[in-house]
Amino acid sequence: MRVVVDDPVTVTPALVYWKVGEPNAPKIVRVTTRNPEISLKGLVSGNPDWSGEIETIKPREEFLVRIKPRDTSAKSGAEIKIVTDFPPDQPRSYVVHGRVK
Amino acid sequence: MSKRGAITFWLETILRCGIALLFLYAGGIKAFHTQEFAYDVQSYQLTSWTFSILIAVYLPWLELCLGAAMLVRRFYVGALACGALLTCVFLGAILSGWWRKLDITCGCFGPEVNRTNYPLHLTVDVAILLTFLVLLLTSRQHFREGNSPN
Amino acid sequence: MIRRGLREFIIIILLAALPAAVSGYLQLEWRGAPQPELQPDEVRPGTARMWGSHVLWVDARSRERYDAGHVHGAILLNEDHWEELVPAFLDAWDPEKTIVVYCDGGKCDASRAVATRLRDELKLESVYVLQGGWTAWHEYERTHTKK
């Protein structure tokens, strides 16, 4: 039997990618939360050549995360963690995957 | 008929008809979907594709014959023995699938969408097997008393 | 009673054989051994074989089943270890390739669940489920591989 637990945070899409040679304009990931106690604290990139920034659209409800690689001249990838502040004792992170293919 | 005899009679009738209808349903639902049932048989990875086709063609009709025989009480003892043996084979196949952690559907009652719930199917098959054994015992009792089970 | 039971057992076995033979002849020959209806997101082993190197195979089974045998080049990606396995899948993924997901049998839901997540979460297009799963593929390879 499988039990599905509804996640209060939705990250869409969970993958952003560029083709090699494509301009490295940031791509947007939309993060929505259904719990007003949750807020985004920051981003942790697994690859220093990848970066991102968070824009708050509606506090504690809707955010945009802009992610981009430093350059797209070669294949690369990164797992970028979106760090939240909930639950307070063990805050959860959500992963966005970035690839240059 | 004594009270005890009446209870035994009705219990036996309910068990007999219940199992008969179950087999009639199981056979009827698969008899005209040979291809899909063949896939279900093949998914247990116990037989070759050719043998899976043969099983898919034959097994539903065997189930129908068993069900009919038990319902009308003709060739009754043979039907019970055959049904018990068949259920043992089903149990073995399900146990084998569970042991090998196969992600499959049972195929027991026609095409299914969801993954087999192994504990549930094992429980159902054990219950069916026990029913057959009870019915075999009662028919043996009738035979000893000189009453034909047919 | 045993002798009678045995006689009746044989009668029933034989009684079932006649309608089975007729049914088998009608279903398998008249309709030319029809295959189950193909769902919009499914692909048959023969078609997937034809796609050749344009396919990225995804195995949605457990690690044990994968290690026991898998389609050549398939990437393991199952729901039980999704977060752990997705990075390796994405490293192998190519936007130009078609993804074909399979699990053990014909109607297991693991492959469908993985395919749905690939479409919904990662927004990947061109994702199919292999009709008949690993069983059908194995049988197809066995009957179509030149010896």
Sort out for me the helices (runs of 4 or more DSSP H) sitting completely within region B:1-97 that have 2 or more residues that are within 18 Å of the chain's Cα centre (by Cα) and over 28 Å from C:Glu141 (Cβ atoms). B:3-30, B:49-72
The condition of being among the acidic types (Asp, Glu) and within 12 Å of the chain's Cα centre (by Cα) holds, among C:Asp91, C:Asp80, C:Asp120, C:Asp59, only for C:Asp59
Give me the residue from region A:8-54 that is in a loop (DSSP other than H, G, I, E, B) and within 16 Å of A:Arg92 (Cα to Cα) and, out of that set, nearest to the chain's Cα centre (by Cα). A:Ala14
Among the candidates C:Arg63, C:Arg31, C:Arg44, residue that is modelled with pLDDT of 90 or more and surrounded by fewer than 19 Cβ atoms within 10 Å (Cβ to Cβ): C:Arg63
What are the residues in region C:121-138 that are within 7 Å of another protein chain (Cβ to nearest Cβ) and either without any contact (Cβ under 8 Å) to a residue 24 or more places away in the chain or outside any helix (DSSP H, G or I) (or both), if any? C:Glu121, C:Leu122, C:Lys123, C:Gly132
Hits in region C:66-85 (condition: within 14 Å of chain A (Cβ to nearest Cβ) and touching a residue at least 24 places away in the same chain (Cβ under 8 Å)): C:Leu77, C:Asn78, C:Glu79, C:Trp82
Pick from region A:41-67 the residues that are surrounded by 19 or more Cβ atoms within 10 Å (Cβ to Cβ) and not small (Gly, Ala, Ser): which of them is nearest to C:Ala92 (Cα to Cα)? A:Trp50
In this structure, is A:Ala25 within 14 Å of chain C (Cβ to nearest Cβ) and either closer than 24 Å to C:Asp120 by Cβ or not aromatic (Phe, Trp, Tyr) (or both)? no
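The values are calculated or read from the model by the stated rules, or taken from the named source; none is laboratory data. Keep in mind it's a predicted model, so treat the numbers as computed, not measured. Don't worry about glycine lacking a Cβ; one is built from the backbone with ideal geometry, like all the others, and counts go over all protein chains shown.
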